[in-house]
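Following: one structure in C-alpha cells, then a few remarks.
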Amino acid sequence: MDIDLDVSDSAASLAPPPAGIHHDNNRHTVQFYDDNAFLVDCLSRSFATALAGGGSVVVVATKSHRDALARQLVTQGTDLDLAARRGRYLALDAAEALGRITPKGQLSPDRFIDLVGPTIDHATAASGPQARVAIFGELVALLCANGEHQTAVLLEGLWNHLAQTHDFALHCAYPMRVFGRESDGAALGQICAAHSGVTPAESYTTLIDEADQRRTIALLQQKAHALAMEVEARKRTQQVLERRESELRAALEARDEFLADAAHELKTPLTSLRAFTQLLLRDARARRPTAPERLKVALEAIEQQTGRLAQAVTTLLDSAVKSNADGDTSPTSDRRR
Amino acid sequence: MADVLVIDDDSHIRQVIQLALEDDGHTVESAVDGRTALAQIDRRHPDVILLDIRMPGMDGREFVRRYRERHGHRAPIIALTASQDAVANGVSIGADDYLAKPFDLDALAARVTTHTPPHRR
C-alpha cells in the first residue's frame, strides 16, 4: 500500500468492489448502465481501492464523468492531488483523445498505440511493485453515441491487442441508450465478445437475490418477445403505408395526366376559335372586305372547332358524373380522350 | 420580314397562324410534326420556329433536342403550349420563348417580330 494515500479510514476502502469490476481476474471488462450516478459510484469505489492498494489509475472519460469521479473520490477520502502529482492518477479527456486517434475520421491503430502505450507505461512506473494499472475508458462509448458502433468494436480489439504488451485492467462503460435501435444488437454482441467480463445495466445488477434475478430475466424475456412482435407489426404497417403511398402517387400522376389531357382537348379548339375570330375582326376593324375563300376557311374552322369543343366538354362532364357515381376521385384512363 | 416555320399537328392552328403572319408580310411554312419539320429545315432554314409541344410522332421536346444537336441556337424557338403551367413547360423543353394557348394574334405577331433577326425586320 502506498503510504502517501491515506484512505484507510474511508468507507470506500471498506466497501467490496462493485459487481463487474474485478481487476485481478478480468483484464478487460465492460459495464452497461442507465444512470451516470451509478457508473460514477462503481468507478469511485473500485479506483479508491486500487489507489489505496498502491496501483495507478488512468481515466479516459468525458469532462462530466471525470469531474464527478474526482469529487466522489475526494469525498470518500482519497488524496487525489497527491495521487496526480505522483503520476498515479491520470485523467484524459475522451473527446480530445478520440480526435487524436481518429485523424480524418478514421481510427488509426498507430496513433492509438502512440497515445495510450506511453500513458500506461508512465502509470505502471508510478505504481507500487505488485499493483496493476486500472483504466476506465469511454472512447468506445463516445463512438457509439456518434453511431459509429463498428469503429467502437475495432477500438475494443485495439485495447486487447495492447494488452499483449502492457499489463493493465481496463474497464469500459456504455450507456444503454447508445444501443437504442434494434440493429444495434449485433454491435452489442460483438462488444460483449471483446471483453472477458460483462456486467448488465444496474436494473439487473442491483438485484441481490437470485430468485429476483430469475424473475427479472423472465420479465426481460417477455419484454424482448413483445418488442420483437411490435417490431414485426410495425414493419407490416410500414409496408401497408408504403403500398398506399405508391398507390396515392400513381393516382396523383393519373390526375396530372388527366388534367394535361383535358387542357389540351379544351385549349386546342379554343386556340383556333379565338385566332380565326380575331383574324376576321382584324378585317372588319380595318374596314377591308374579307375574301370569300378566307371567310369560308375561317367559318368552317370555327364551326368544326365549336363541335370539337362541345364534344370535349360533354366527355369531361360525363367522366365527372361517372367518377362521382363510382365514389372514385381519381380519374382513370378510360375517361380520358 | 421573317421566314417562319409553324410546327403543329392541328391543321386549323397551322392555317390561322399562316394567314395571320402572311397578313403581316412574313413568309410561312408549316409541318405536322418534329420529324417533318427537321427535314424541311434541312432544305430551308427559317428565321423563327413556332413549335407545338404535344404532337403525335416526334413531339416538341424531342424536336428541340434534335434541332439543338444539329443547328444549336441558329433560329429562336417559340413554344406554343396548352399546359396549365405554360412557363415551366415552355422552359423545360429548352425553347427560347413560349406562348400559352389560346393566344391572341397580336401577341403572336409581337413575339415573332421580337425574335426576328434585326437584318430581316
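The values are calculated or read from the model by the stated rules, or taken from the named source; none is laboratory data. Computed from a predicted model, the values in this text were never measured in an experiment. Here Cβ is always computed from backbone atoms with ideal geometry, including for glycine, and neighbour counts include all displayed protein chains. What goes into the accessible areas is simple: the full protein's heavy atoms, side chains included, and nothing from ligands, DNA or RNA. Shrake-Rupley method; radii C 1.70, N 1.55, O 1.52, S 1.80 Å.
Structural remarks
- Considering A:Asp67, A:Asp110, A:Asp41, the condition of being closer than 21 Å to A:Ala201 by Cβ, without any contact (Cβ under 8 Å) to a residue 60 or more places away in the chain, charged (D, E, K, R) and part of a helix (DSSP H, G or I) is satisfied by A:Asp41 alone.
- Residue match in segment A:223-241 (condition: in a helix (DSSP H, G or I), surrounded by 11 or more Cβ atoms within 10 Å (Cβ to Cβ) and touching a helix residue (DSSP H, G or I) at 6+ places or on another chain (Cβ under 8 Å)): no
- Residue check, A:Thr237 modelled with pLDDT of 95 or more and either within 17 Å of B:Asp85 (Cβ to Cβ) or touching a Lys or Arg at 6+ places or on another chain (Cβ under 6 Å) (or both): no
- Any pair with Cβ under 9 angstrom, 6 or more apart, that starts in segment A:184-207 at a residue that is acidic (Asp, Glu) and ends at one that is open to solvent by 40 Å² or more (accessible area, probe 1.4 Å) and assigned to a helix (DSSP H, G or I): A:Glu202/A:Phe38
- Looking across segment A:251-279, the residues that are more than 10 Å from every other protein chain (Cβ to nearest Cβ) and open to solvent by less than 60 Å² (accessible area, probe 1.4 Å) come down to A:Ala251, A:Ala254, A:Phe258.
- Qualifying residue in segment B:74-87 (condition: at the interface with chain A (Cβ under 9 Å from one of its Cβ atoms), open to solvent by 20 Å² or more (accessible area, probe 1.4 Å) and at pLDDT below 90): yes
- Residue that is least open to solvent (accessible area, probe 1.4 Å) [pool: residues in segment A:126-153 that are in a loop (DSSP other than H, G, I, E, B) and not small (Gly, Ala, Ser)]: A:Glu138
- Given (1) open to solvent by 100 Å² or more (accessible area, probe 1.4 Å); (2) assigned to a helix (DSSP H, G or I); (3) more than 14 Å from every other protein chain (Cβ to nearest Cβ), index of the condition A:Arg287 fails: (2)
- In the set B:Arg66, B:Arg54, only one residue is open to solvent by 40 Å² or more (accessible area, probe 1.4 Å) and either away from chain A (no Cβ under 14 Å) or in contact with a Leu (Cβ under 6 Å, 6 or more places away or on another chain) (or both); that residue is B:Arg66.
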